[in-house]
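Have a look at the structure below, then the notes.
Derivation of every value follows stated rules applied to the coordinates shown; laboratory data play no part. Just so we're clear, the structure is a prediction, and the values are computed from it rather than from any experiment. Cβ placement follows ideal geometry from the backbone for every residue including glycine, while neighbour counts extend to all protein chains displayed.
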Amino acid sequence: MIRTALPADLDAIADLHARARATYYRGRIPADAYAGEGERARTREGWARAVARGDGGAEGASAVLCAEQDGELTGVAAFRTVDGEATLTQLHVDPGHWRRGTGTALHAACLDRWRRAGIPRVRLEVYEHNLRAQAFYAAHGWRPDPRTPRAGSHHTLWLTVGEE
């Protein structure tokens, strides 16, 4: 089930976020940059801001969506539109739930929201070493930005939101 995130989900979201990030950051950047209590608190605070600005399920330009199975949070996605530019800021699936359709379901829910809101294009940045995510996004129609393909250690991708 995909649903709008609630403030009560913040601890579970922060924990899932940390587990997912560890799979692609471990061994590439210092652990304190993606793990530990200080980083968990910073992450939780960021998610709290995203949940607070979400549109609550209405036709809007910002949302945090949760994937849930049997009462367990299995994935989370967030997007935001600022100055007419929509960005998929986060999409994480708990590593214990990879390859079960969770990411695809979250992506489809985001795509549905973008279509209903009339958002024509969405951008994202994906870590250069996160090959799993890059393959996922390519399979879902995201393409590199030919003008600015990189943002530091991240690739910039765009998705054209078409009609169903």
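Hey, could you get me the Stokes-Einstein D for segment 66-164, Kirkwood radius over alpha-carbon pairs, 4 °C and 1.567 mPa s, rounded to whole µm² s⁻¹? List each step's numbers first, then the result.
On the way: Rh = 14.0 Å.
It comes out at roughly 92 µm²/s.
For the chain, what proportion of DSSP beta bridges, expressed in % and rounded to the nearest 5, is antiparallel?
Here the antiparallel bridges make up roughly 95 percent for the chain.
Sorting Arg3, Arg113 by the number of Cβ atoms found within 10 Å of their own Cβ, with the fewest placed first, yields Arg3, Arg113.
For Phe79, Phe136, the sequence from fewest to most other C-beta atoms within 10 Å is Phe136, Phe79.
Based on a Kirkwood Rh over C-alpha pairs, give the Stokes-Einstein translational diffusion coefficient of segment 2-160 at 25 °C and viscosity 0.890 mPa s in µm²/s. List each step's numbers first, then the result.
On the way: Rh = 16.0 Å.
Answer from the Stokes-Einstein relation: 154 µm²/s.
Using R0 = 22 Å, the C-beta based FRET efficiency linking Glu68 and Asp112 works out to 0.80. The residues neighbouring Pro144, those whose beta-carbon lies less than 13 Å from its own, together hold a net charge of +1 under the Lys/Arg +1, Asp/Glu -1 convention.
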